[in-house]
Amino acid sequence: MEQRHLTCIGCPMGCQVTVEMEKGEVISVSGNTCKRGDIYARKEVTNPTRIVTSTIAVTGGDKARVCCKTASDIPKDKIFAVMHDINHVKCDAPVHIGDVLIEDVAGTGVSVVATRNIAKVG
Ligand code: SF4
């Protein structure tokens, strides 16, 4: 029997959750205060994913960078590849919230979208 100890990231309580596994299968989840912790723990030990938030360089805007995030969760082991792509693109102002700045980032099938507006200057 394998045990995994996790901190639930579902809310600021940060419950300490223990997952018991056998042959890659989840046998039990304990320590969670609510159902979200159970769902998080089962996913985290089998298929961990994350939303990535960052910034992308902007040309010709009233700010040098625009805040962005992945439109949905991406596999946790793709975070560095996603950040590599984010760090190597530039976009042109104006930028509007929800604009797709990168399609299929790092081959994940997920887009990176703007989360702020950037006005064009000049
Ligand atoms: S188990 Fe529920 S209460 Fe505990 S940190 Fe996760 S979401 Fe919050």
* To do: Output yes when any residue across the stretch 95-109 is within 25 Å of MET1 (Cα to Cα), touching an Asp or Glu at 6+ places or on another chain (Cβ under 9 Å) and not basic (Lys, Arg), and no when none is.
  => no
* **Answer from SER72, SER54 - the residue that is part of a loop (DSSP other than H, G, I, E, B), among the hydroxyl-bearing types (Ser, Thr, Tyr) and within 11 Å of the chain's Cα centre (by Cα)** => SER72
* How many of the residues in the stretch 76-91 are in contact with a Lys or Arg (Cβ under 8 Å, 6 or more places away or on another chain) and either of a type outside the set (Val, Ile, Thr) or in a strand (DSSP E or B) (or both)? -> 1
* Asked: Which of the residues belonging to the stretch 19-41 are surrounded by 14 or more Cβ atoms within 10 Å (Cβ to Cβ), free of Cβ contacts under 8 Å to residues at least 24 places away in the same chain and either more than 12 Å from the ligand (Cβ to nearest atom) or assigned to a loop (DSSP other than H, G, I, E, B) (or both)?
  -> GLU20, VAL26, GLY31
* Filter the stretch 67-110 down to the residues that are of a type in the set (S, T, N, Q) and farther than 11 Å from VAL52 by Cα, then identify the one that is surrounded by the most Cβ atoms within 10 Å (Cβ to Cβ). => THR108
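Where a number appears in this text, it was derived from the coordinates with a stated rule and is not lab data. Everything numeric here is computed off the predicted structure, so don't read it as measured data. Cβ atoms come from the backbone with ideal geometry, glycine included; neighbour counts cover every protein chain shown.
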